[in-house]
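Just below is one structure, and these are the notes that go with it.
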Amino acid sequence: MPSKDSLLPSSPISIDQAVQSASAELTAFLQTLVRTPSLPDHEGAAQKLVADKFRALGLEVEIVPTLFSELRDHPAFGDDGFSPDGRVNVIGCWRGTGSAPGHSLILNGHVDVVPPGDMALWSDSPWSGLVREGRLYGRGACDMKAGLCAAIFAVDVLQRTGFKPAADVLIESVTGEESGGVGTLATLLKGYTAEAAILLEPTCLDICPVQSGALTFRLTVPGRSAHAAMKPEGVSAVEKFALLLQAINALEKERCLAFQHPLYSPGQNIAPISIGTVRAGEWHSTVPDELIAEGRLGVLPGETVDAARRALQTALERASAEDHWLASHPPRLEWFEGQFESAETVSSHPLIASLGAAHRLVTGEAALLRGVTYGSDMRLFVNHAGIPSTHYGPGDVRLAHSANESVPLAEVLTATRVIAHMLTQWCAAGS
Ligand SMILES: [Zn+2]
């Protein structure tokens, strides 16, 4: 195995030395980003910071607005309800010399963050950017401003070593990921593409090239109202929903047990069917004549959206056929808002091998290869643009979206080193 420094024989400094000398700057930039709230529809200030950093690095900077009028007809478009005005995506292109066609790479990160939730649960302000015992705290620190910083500083440190890519490297700082992916979709429809993409979502530096999907649904269950004292003359929509819920839970279990994939643990519930809200009735002493439940149906890797929808529809029809009331008053199933497909890049793809080799070079250990159970913009790259992609980034997704969200700074630096090393291989001439 070549030593780390032999990758760049004529470099004035090695990648590791460059990361070390850039580490304080990286931490300060991440702090500034975290201290700049970027809730959906309010990402402008954070995007300006990113654009300024791109310019400081001498990258070609492109601003891609998220215009619903241009996205609306796309099958992957989901109207997230936020104003498209002023929401921009920032792309920094480190132009390659052109001597390695077929080896361009996208490094994608979203700058939008979810709301902080109950402020009382936070030890400090969600926008503190505090560093304590090697961790940087704040909303978005882990999901996923740290990953975005790792991508930016991978380019920064490579410039310090004197490396020049033979193929283009595109860093994409997008908006709207948390609410459906309109930002990345806008960049793809504008024609920004590459041979492969890495989404720097928090994976604890595991390589995660497969994800299950999620479909939001609404279930309307009819009943018949009556005075509660005359309950036998009514039909409780709540009790009919209880029958349907049993069928939903049985379906979830059946799908989970039947699914097998080498990147998921056997029996792991990777595509849950979860009811999130239930509304029924207007008065405690009235038999409720309608119940509306909303939930999320997981889509298995390799399964189409239509097949997943059919599975739930069929389970509800079967359960309804066995009940006298529901047989003649069937529940209504609708699909709305987020409709995220599953996605997968095969583990044998050169992208996975190249990233895995860089991870091993930097950490001395093989990266864990695994699937994730959440949706992300990866599905847009893989399913709608034909760009092989994987998740790989610092931080633990279990801390994302929670109070006291944080990321270990050592992991951010490791990610920076890994991405930098990978770029020297992937985007090099003759690779
Ligand atoms: Zn994320």
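Overview of results
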quantity: Val382 within 16 Å of the ligand (Cβ to nearest atom) and surrounded by 18 or more Cβ atoms within 10 Å (Cβ to Cβ); calculated: no
quantity: Some residue of segment 145-166 being among the small types (Gly, Ala, Ser), more than 21 Å from the chain's Cα centre (by Cα) and either closer than 22 Å to Asp377 by Cβ or in the same structural domain as Val34 (by TED's automatic domain parsing) (or both); calculated: yes
quantity: Cβ-Cβ under 9 Å pairs, at least 6 apart or on other chains, segment 146-164 side touching a residue at least 40 places away in the same chain (Cβ under 8 Å), far side acidic (Asp, Glu) and buried (at least 24 other Cβ atoms within 10 Å of the Cβ); calculated: Gly147/Glu201; Ala151/Glu172
quantity: Residue in segment 283-291 that is outside any strand (DSSP E or B) and closer than 18 Å to Gly375 by Cβ present; calculated: no
quantity: Scan of segment 176-208 for residues that are part of a loop (DSSP other than H, G, I, E, B), touching a strand residue (DSSP E or B) at 6+ places or on another chain (Cβ under 6 Å) and among the polar types (S, T, N, Q), ordered by number; calculated: Thr203
quantity: Residue in segment 131-138 that is closer than 30 Å to Ile273 by Cβ and either hydrophobic (A, V, I, L, M, F, W, C) or without any contact (Cβ under 8 Å) to a residue 60 or more places away in the chain (or both) present; calculated: no
quantity: Flag if Asp79 is within 16 Å of the ligand (Cβ to nearest atom), outside any strand (DSSP E or B), assigned by TED's automatic domain parsing to the domain that holds Thr187 and not hydrophobic (A, V, I, L, M, F, W, C); calculated: no
quantity: Criterion (within 16 Å of the ligand (Cβ to nearest atom), within 28 Å of Asp168 (Cα to Cα) and touching a helix residue (DSSP H, G or I) at 6+ places or on another chain (Cβ under 9 Å)) met by exactly one of Val412, Val362; calculated: Val412
quantity: The lone exception for Arg370 - which of (1) assigned to a strand (DSSP E or B); (2) within 16 Å of the ligand (Cβ to nearest atom) it fails; calculated: (2)
quantity: So Ala357, is it more than 12 Å from the ligand (Cβ to nearest atom), surrounded by fewer than 21 Cβ atoms within 10 Å (Cβ to Cβ), assigned by TED's automatic domain parsing to the domain that holds Val19 and more than 24 Å from Gln20 (Cβ to Cβ); calculated: no
quantity: Single residue of Arg318, Arg309, Arg279 found to be surrounded by fewer than 20 Cβ atoms within 10 Å (Cβ to Cβ), free of Cβ contacts under 8 Å to residues at least 40 places away in the same chain, among the basic types (Lys, Arg) and not assigned by TED's automatic domain parsing to the domain that holds Leu368; calculated: Arg279
quantity: Residues located in segment 382-431, provided they are of a type in the set (Ser, Thr, Tyr) and in a loop (DSSP other than H, G, I, E, B); calculated: Tyr392, Ser402, Ser431
quantity: Answer residue from segment 165-185, given it is hydrophobic (A, V, I, L, M, F, W, C) and at pLDDT 95 or above and is nearest to the ligand (Cβ to nearest atom) among those; calculated: Val174
quantity: Tabulated pairs, segment 186-204, first assigned by TED's automatic domain parsing to the domain that holds Phe77, second away from the ligand (no atom under 16 Å from the Cβ) and among the aromatic types (Phe, Trp, Tyr), C-beta under 9 angstrom, 6+ apart or interchain; calculated: Glu195/Trp426; Ala196/Trp426
quantity: Close pairs (8 angstrom Cβ cut-off, 6 or more residues apart or separate chains): assigned by TED's automatic domain parsing to the domain that holds Gln31 and within 8 Å of Pro394 (Cβ to Cβ) in segment 405-420, buried (at least 22 other Cβ atoms within 10 Å of the Cβ) and β-branched (Val, Ile, Thr) anywhere; calculated: Thr414/Val362
quantity: Segment 26-66, residues that are more than 25 Å from Leu185 (Cα to Cα) and free of Cβ contacts under 8 Å to residues at least 60 places away in the same chain; calculated: Ala28, Ala56
quantity: Boolean, Val407 is of a type in the set (Val, Ile, Thr), surrounded by 23 or more Cβ atoms within 10 Å (Cβ to Cβ) and under 26 Å from Tyr192 (Cα atoms); calculated: no
quantity: Qualifying residues in segment 213-257 (those that are in contact with a Lys or Arg (Cβ under 7 Å, 6 or more places away or on another chain) and in a strand (DSSP E or B)) - the one surrounded by the most Cβ atoms within 10 Å (Cβ to Cβ); calculated: Val221
quantity: Pro202 vs. criteria within 16 Å of the ligand (Cβ to nearest atom) and of a type outside the set (Gly, Ala, Ser); calculated: yes
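One line per residue, one yes/no per condition, for (1) farther than 22 Å from Phe336 by Cα; (2) among the charged types (D, E, K, R):
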site: Thr203; (1), (2): yes, no
site: Arg218; (1), (2): no, yes
site: Ser225; (1), (2): yes, no
site: Glu239; (1), (2): yes, yes
site: Glu252; (1), (2): no, yes
site: His261; (1), (2): yes, no
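The values are calculated or read from the model by the stated rules, or taken from the named source; none is laboratory data. Quick caveat, the model's predicted, so the values are computed rather than measured. FYI the Cβ positions are ideal-geometry reconstructions off the backbone, even for glycines, and counts take in every protein chain you see.
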